[in-house]
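Peer 1: Sending over a structure as structure tokens; questions will come in a sec.
Since every read-out is calculated from the coordinates, none of them should be taken as a lab result. Predicted model only: the values in this text are computed from it and were never measured. Glycine also receives a Cβ, built like all others from the backbone with ideal geometry; neighbour counts cover every protein chain displayed.
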Amino acid sequence: MLATKAFPAAHEDLIHDIEYDFHGRRMATCSSDHTVKVWDCDENDQWQCTASWKAHNGSVWRVTWAHPEFGQVIATCSFDRTAAIWEELVGDQAKDGKTQWVRKTSLVDSRTSVTDVKFGPRHLGLQLATCSADCIVRIYEAQNVLNLSQWSLQYEIQCGITCSCLSWNPSLSRMHPMMIAVGSDDPSPGTGGKVHIYEYSENSRKWKRVEIIPVSTEPVHDLAFAPNVGRSYHTLAVASKDLSIFSIKPLGKESLGSGGISKFEMHRVAEFSDHESQVWRLSWNVLGTVLSSSGDDGRVRLWKANYAGKWKCIQVINGNGQKMSTTKDSKIVTVTSSNNQIQRIYEVKPV
Amino acid sequence: MATERESETVHLNVEGCPDGKLQAIWGLGNQLFAFSGSTPNTRSKGRPAENRAASDICDVRWNTEMHTSITRKLVNETHNVFVMLQGQVASSTGSNLQSQMVMSSKQYRAILKACSMDLMHMAETCEDEGERESFEDQIQIFEMIQLIWGFCQILFIEVTPDGLLLNQLLDWIKWHFTDGKRLAVDILHDEIPAEHPAYWEAIFRLLLQGEVDSVRKLLSLNTSNQNEAFLSVDELLRKMPQWAHYHHALSAAEFDMKWRHWRDECQRRLEEGHYVAFPNLETLVMVLCGDENVFAEMKDMCGSWYHLLVSKMLYQNPTVRAPDLHHYAEACMEEFTLSGTRMGELDNILLAAIQFDIHQVIKDSSAFLSTGSWWFVSHFTDLLHHCGQLDTQNLAYGSNLREFLLLEYASSLMSHKSLWQVGIDYLDYCSVFGRTYITQFINHMSLDNEKKAHKLLHICEERNMQEEVQTICKVMGMKSLRRGKLGAALSWFLRSRDVTATSKLTERLIMEYSKTGQFEYTDILDNLGPAMFLSNRLTFLVKYREFHKLYESGETNKAASLLLSLLEARLAPRTFWITLFKDATPLLESKEVIFNSGQTYVLMHCLEELRHELDAKTDISQKLTDMEKDKLDLLQLCLTRNLSKAIKAEGTVKTS
């Protein structure tokens, strides 16, 4: 049922983030060892590292890919208070398949560690949002998509609370104005709800806060909007003390509040404490139908909604974080079905 | 009510840092990367050096059952059946449609059976223990699916006009339970059949399946076959009314009477003690009478409660109708549960079918049979939907059950390198979400090569997805640019109608020309047609190329006026004007007058403009070098000389 392949990541320290590009054939990893590596999947489905470079002067927290119609572009953010944008050099590849990535610009506006960086949805042009521990979300835009050295800081959103993660609403529909959700890991309960939702108002040309999710008062470690495949509502997953999934339904133009901001009907459609510990990372699949969550219990869980809209866990992946005694010929992956007691062992060859 | 299976736990050994916790990121389709990553705790505090270590990334993929070479055949062939079925639904109605449905159902089952046989063959010839086990698992699941499908086809799809279904049920049982037949074959080949240890077992098994002729044959091989008792039984069997023979001639009621009459005869003979000498024969006739107790003994010959059910119906109530089956079903199930057999998933599904609870059937099948693949439930539900057996109202997520399952199935095909096209076809038949799913998948589909890009473009154009066409072309253009293939990039950008990218690229081409004096992409430029008007720069480049062609073919006048119009229209980038003037020079210097005075004035005006602009630049690096100043002066001289030539020529009266 599962096919797995493991390969060494070759970072010298903890990996903080891995992101696939849009097509799932390239991947970028970033780590506490200050470097970023880019990997390519070749015809035999093997992953090869095609670039590796020192990107920052501190741990690199996140990496994100831009849509390929802008070329091969990634952005990284780091503990060294900067975010950077990198582009792959055009031209002949070196004999060993390695490519060169060049820094196009550094965004140095933040006074504290930049905790998350995300490119905006493609149809909005080339926009980038960063959030930092100094409570500000900054939105940059590339003035000329063919010359990526020029980015201008378009908006600064004061969130009033230290930010740990952000997510653009990827909705393809033109009817939905731009929306960003920001999560905070401020530990004090006095600061209220830790998930803020901001929307861009065309009328006033400003980003305004439209919602604070009231039930989310624990520090938030990650949040993610689900890709919207034509539903009339948005789905937002929030990782904090447990995993919550919210459905956010815009109520339409008639019910615009004062100041012309949209109103929403918000429900928590699921809440899971299966991890029995803090939930750290979330990731949606391409269709927004399956969510993966990673928790402090060292497990990854996959969640899916059935046709009646009820979410449940469909798979649990348990990782063994210990170093194995190094016989590098093959790794054994044990796949256990817990309910019918069958144990199968697959051999996984390293790349 | 069946409980749903708990989630399976999968254990992965991901080599990683002791501090790291397992995390995962999605790829395309059903693909995840699992890695040992950081948590905010580990980020903020300092960590001892020995905890810093390399970790591994694990590439995890699942739901790939349908991706193996054997099941791929299943996918492709059932795809054909599916598409044909949708077409027939759209065009036929009534009884014609029903027969099409039945045929489609049979086709699906036939394909499934063939796939099963392939798997069996693979399992036999397979050497790897683990692989063989997975084949066998797969075969088992397929067997279950075939059983369920056959049963449901009888109940819901192939509904006979009179509502009687015993014959179909008998066929179904005979198809799936072949022990009786096999034993009979063994026995027939034996030297002394009647002394074969399984002789009576075979007879009873066949009897319970209604194989009356085979039973008679086996009985005739008995040593006592001339005995009166045997002859009597043979007669009873011979006269047993079977619906298959009568259903054209008699109505159900008439047949029922005939049958009761026959059964009464069996009863009479039994009570009169005709078979006392042969206990086995007595049991046999008791079965014929439909005696309740004897069926309890026979249940081992049946092997399962549904077989028992059909056998009972054969001898107790052959004109049973579908809605009445469930009265008898529970009693049969009890026979088995009382003796300790546990009811499994399959049994629950069949029971739900007997109770006509289609939704439960689908729900249970989804829960138990589709952890590997959505193939079964999606095709099955689609068929039931078209038979009108399903509630078509929309569910909370926005569409109906059929669509939900088809979406799941199509999604599971998307990550495969060739089955994705099949997936897209299925999505076409999902009226609510199909299109957005297709859009989403196409946006993320990797454009590995031109062929795939063209395929995707074709798919988008067929479905009128203009935006996706543009995006694909832009991405392909960027890719070509990355590889240095400027000509290909240009044609992609043109197709995407992206003005900015086209202009930028054209400027690059123009710069290259001015450096090397060579045109590289002449084929593309020559065959652009109206596309060249997409960008000013491009129009200029094409016309400039035309100028060169005219010049080389000696049509200097045309070339000259074209050059002039290029300068006048200000199509060229300013930086290129010097080159244009250089091109003009040979024309100016030639003996004939090519540029007349009017045209020369225009040229001079342009030159002045150029000079002004270049002089006005305050940026020192852009100021004219001396060499360039000289060039401009030289040009000025050329123009003046031409002017005088022209004026002279125009002023001269031609003597005849």
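Peer 1: With θ set to phi - 60°, apply the Karplus curve 6.51 cos²θ - 1.76 cosθ + 1.60 along the range A:138-154 and write out the HN-Hα couplings as whole Hz, x wherever there is a Gly or Pro.
Peer 2: Once rounded to whole Hz, the list reads 10, 10, 10, 9, 7, 5, 9, 5, 9, 10, 7, 7, 10, 10, 10, 6, 8.
Peer 1: Follow-up. Place a point 7 Å from Cα of B:N464 in the direction of its Cβ. Which residues in the range B:470-499 have their backbone N less than 19 Å from it?
Peer 2: Counting only backbone N, you get B:470-471.
Peer 1: Classify the range B:490-533: rounded, prolate or oblate, from the alpha-carbon gyration tensor (a ≥ b ≥ c, eigenvalue square roots; a/c under 1.5 rounded; otherwise prolate if a/b is larger than b/c)?
Peer 2: Here the range B:490-533 falls in the oblate category.
Peer 1: Net charge around B:Y397, counting only other residues with Cβ within less than 11 Å of its Cβ (Lys, Arg = +1; Asp, Glu = -1)?
Peer 2: Around B:Y397, the charge tally is +1.
Peer 1: Report the one residue of B:L447, B:F519, B:S491 whose Cα lies farthest in the direction of the positive end of the charge dipole of the range B:413-548 (charges on C-beta: Lys and Arg +1, Asp and Glu -1; origin at the Cα centre).
Peer 2: Projecting each Cα onto the dipole axis, the largest value belongs to B:F519.
Peer 1: What is the sum of charges around B:A114, taking Lys and Arg as +1, Asp and Glu as -1, for the other residues whose C-beta is under 12 Å from the C-beta of B:A114?
Peer 2: Every neighbour counted, the sum reads +1.
Peer 1: Report the FRET efficiency, 1/(1 + (r/R0)^6), for B:T652 and B:V499, where r is their Cβ-Cβ distance and R0 is 41 Å, rounded to 0.05.
Peer 2: 0.25
Peer 1: Run the paramagnetic zone check for B:K217: 7 angstrom along Cα to Cβ, then residues of the range B:162-188 with backbone nitrogen under 20 Å.
Peer 2: B:170-188
Peer 1: Using the C-alpha gyration tensor of the range B:172-320, what are the square roots of 5 times its eigenvalues, in whole angstrom, with the largest one first?
Peer 2: Largest first, the range B:172-320 gives 23, 19, 15 Å.
Peer 1: Which translational diffusion coefficient, to the nearest whole µm²/s, is obtained for the protein assembly as shown from the Stokes-Einstein equation, given a Kirkwood hydrodynamic radius over C-alpha pairs, 25 °C and 0.890 mPa s?
Peer 2: The estimated diffusion coefficient comes to 71 µm²/s.
Peer 1: Measuring from label point to label point, each 7 Å out along Cα→Cβ, what is the A:I212 to B:R238 span in nm?
Peer 2: Reported label-point gap for A:I212 and B:R238 is 9.5 nm.
Peer 1: Hey, if you put +1 on the Cβ of every Lys and Arg and -1 on every Asp and Glu Cβ in the protein assembly as shown, which of A:Y198, B:G529, A:I85 ends up farthest toward the positive end of that dipole?
Peer 2: Result: B:G529, furthest along the dipole toward the positive end.
Peer 1: Using unit Cβ charges (K, R positive; D, E negative) and no other charged atoms, how large, in debye to the nearest 20, is the dipole of the range B:96-182 about its Cα centre?
Peer 2: Here the size comes out at about 660 debye.
Peer 1: Over the Cα atoms of the range A:1-76, Rg to Rh with Kirkwood Rh, two decimal places?
Peer 2: Rg/Rh: 0.98.
Peer 1: With only Lys, Arg, Asp and Glu charged, each at its Cβ (+1 for the first two, -1 for the last two), find how big the charge dipole of the range B:501-649 is about the Cα centre; round to the nearest 20 debye.
Peer 2: 160
Peer 1: On to the next question. Put +1 on the Cβ of every Lys and Arg and -1 on every Asp and Glu Cβ in chain B; which of B:A114, B:M286, B:W243 then has its Cα farthest towards the positive end of the dipole?
Peer 2: B:A114
Peer 1: Sticking with this structure for a sec: Kirkwood Rh, Cα Rg: Rg to Rh for the range B:450-542?
Peer 2: Radius of gyration relative to Kirkwood radius: 0.99.
Peer 1: While we're here: How much FRET efficiency would the formula 1/(1 + (r/R0)^6) give for B:H326 and B:D162, where r is the Cβ-Cβ distance and R0 is 25 Å, rounded to 0.05?
Peer 2: For R0 = 25 Å, the calculated efficiency reads 0.80.
Peer 1: Over 32 Å between Cα atoms: which of A:K118/A:K241; B:K451/B:K582; A:K54/B:K479 fall into that group?
Peer 2: Working: A:K118/A:K241 23 Å; B:K451/B:K582 43 Å; A:K54/B:K479 25 Å.
Long pairs (Cα-Cα over 32 Å): B:K451/B:K582.
Peer 1: Another one. Per residue of the range B:146-162, in order, report the coupling 6.51 cos²θ - 1.76 cosθ + 1.60 (Karplus, θ = phi - 60°) as ³J(HN,Hα) in whole Hz, putting x for Gly and Pro.
Peer 2: 5, 4, 5, 4, x, 5, 5, 4, 5, 6, 10, 10, 9, 6, 6, x, 8
Peer 1: Now for a different question. Can you give me the relative contact order of the range B:554-656 as a percent, contacts being Cα pairs under 8 Å and 6 or more apart?
Peer 2: About 34 percent, as a whole number.
Peer 1: Can I ask one more? Starting from the Cα gyration tensor of chain B, multiply each eigenvalue by 5, take the square root, and state the resulting semi-axes largest first in whole Å.
Peer 2: 87, 30, 20
Peer 1: Cα-based count: Lys pairs in the range B:172-320 below 17 Å, eight or more positions apart or different chains?
Peer 2: Pairs that pass both the separation and distance tests number 6.
Peer 1: Work out the length of the dipole vector of the protein assembly as shown about its Cα centre, built from +1 on the beta-carbon of each Lys and Arg and -1 on the beta-carbon of each Asp and Glu, and round it to the nearest 20 debye.
Peer 2: 4760
Peer 1: With each run of n ≥ 4 DSSP H residues scored as -39500 (n - 2.57), what mean residue ellipticity at 222 nm is computed for chain B after dividing by its residue count and rounding to the nearest 500 deg cm²/dmol?
Peer 2: My calculation for chain B gives -21000 deg cm²/dmol from helical runs alone.
Peer 1: Here's a follow-up. So how far apart, in nm, are the two label points at B:S95 and B:M343 if each is 7 Å from Cα heading toward Cβ?
Peer 2: 3.8
Peer 1: Turning to a different aspect of this structure: Test of understanding: what is the full-extension gain from B:H454 to B:A277, defined as 0.36 nm times their sequence separation minus their Cα-Cα distance?
Peer 2: 55.5 nm
Peer 1: Using R₀ = 60 Å, calculate the FRET efficiency as 1/(1 + (r/R₀)^6) where r is the Cβ-Cβ separation of B:I192 and B:V83; round to 0.05. Display every interim value, and only then the final one.
Peer 2: Numbers: r = 57 Å, r/R0 = 0.94.
About 0.60, to the nearest 0.05.
Peer 1: Over the range A:3-81, what is the relative contact order in percent, taking alpha-carbon pairs closer than 8 angstrom and at least six residues apart?
Peer 2: 24
Peer 1: State which stretch of chain B is the longest one without any exposed trypsin sites (Lys or Arg not before Pro), exposure meaning a DSSP loop state and at most 10 other Cβ atoms within 10 Å.
Peer 2: B:46-341
Peer 1: Let me ask another. Counting other C-beta atoms within 10 Å, and keeping those with at most 11, which DSSP coil GluC sites (Glu not before Pro) do you find in the range B:219-291?
Peer 2: Here the sparse-neighbourhood loop sites are B:E272.
Peer 1: Report relative contact order for chain B in percent, whole number only (criteria: Cα-Cα under 8 Å, sequence separation at least 6).
Peer 2: 8
Peer 1: Please compute the net charge surrounding A:E211, taking Lys and Arg as +1 and Asp and Glu as -1 over other residues with Cβ under 14 Å from its Cβ.
Peer 2: Working: positive: A:K194, A:K208, A:R209, A:K249, A:K263, A:R268; negative: A:E199, A:E265.
My count for the surroundings of A:E211 gives +4.
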